[in-house]
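Working notes, beginning with the structure itself.
The values are calculated or read from the model by the stated rules, or taken from the named source; none is laboratory data. Given the structure is predicted, the values throughout are model-derived calculations rather than measurements. No Cβ is skipped: glycine too gets one built from the backbone with ideal geometry, and neighbour counts run over all protein chains shown. SASA here: full protein model, heavy atoms, side chains in, ligands and nucleic acids out. Shrake-Rupley method; radii C 1.70, N 1.55, O 1.52, S 1.80 Å.
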Amino acid sequence: MSGERGRGAVLYALVALILVVGVWWWWRAAPRQTADDRLVAWRHSAEQLLPDVGDQELANTLALEGGTGHEEVVDVEQGDFLISVVCAGDDGSRIRVGLGAGDSGRDLRCSGSRTPEVFSAGLSGELHLRVAVESPGPIVLRYALQRSKG
């Protein structure tokens, strides 16, 4: 009987060892997430330029790659809104922001002295925010949506 217990103990010890080695290998082989310090700083800058306020419907901050387009589609209740947009990026970086397919958009600088661009729009159930990043490097975009008062 003791021989059987000995073999069982060895078997359990081997299983535990294989499990420990497997977890260690998996943890060491996992790809490392490298945080771009510029994106962290730009996110902080964008959130300071356009902070959360109590009466906003929603706000979001996005990191977008250079030379790309992005469309943010969000369900909202019908009504008149103020949409605030700001971006942060390398010197000379720019984006073009529009509301839907029929809007040609507005140019925004993402570097230097900048303030949030605020425009009003009547929305009927969805916000379609179209963004074209016109610079080669990444940028951080922040937008906020508030109901118009009046």
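Going by the structure shown, is Gln33 at pLDDT 90 or above and open to solvent by 100 Å² or more (accessible area, probe 1.4 Å)? Walk me through how you get there before you give the answer.
On the way: at pLDDT 90 or above: no; open to solvent by 100 Å² or more (accessible area, probe 1.4 Å): yes.
In short, no.
When you check Arg142 against the structure, is it assigned by the TED database to the domain that holds Ser45, basic (Lys, Arg) and open to solvent by 50 Å² or more (accessible area, probe 1.4 Å), yes or no?
no
Filter region 39-59 for residues that are open to solvent by 90 Å² or more (accessible area, probe 1.4 Å), in contact with a strand residue (DSSP E or B) (Cβ under 8 Å, 6 or more places away or on another chain) and under 25 Å from Ser93 (Cα atoms) and give the result.
Listed by number, the residues that qualify are Arg43, Asp52.
Which ones in region 69-106 are surrounded by 12 or more Cβ atoms within 10 Å (Cβ to Cβ) and more than 24 Å from Ser124 (Cα to Cα)?
Cys87, Ala88, Gly89, Asp90, Gly92, Ser93, Arg94, Ile95
Here is a list of conditions, (1) farther than 24 Å from Arg130 by Cα; (2) in contact with a strand residue (DSSP E or B) (Cβ under 8 Å, 6 or more places away or on another chain), and Thr68 meets all of them except one; can you say which number that is?
Of everything listed in (1) farther than 24 Å from Arg130 by Cα; (2) in contact with a strand residue (DSSP E or B) (Cβ under 8 Å, 6 or more places away or on another chain), Thr68 misses just condition (1).
Of these, Arg114, Arg109, which one is under 21 Å from the mean Cα position of the chain (by Cα), open to solvent by 80 Å² or more (accessible area, probe 1.4 Å) and at pLDDT 85 or above? Please lay out each step first, then the result.
Values: Arg114 fails: open to solvent by 80 Å² or more (accessible area, probe 1.4 Å).
Matching residue, one of Arg114, Arg109: Arg109.
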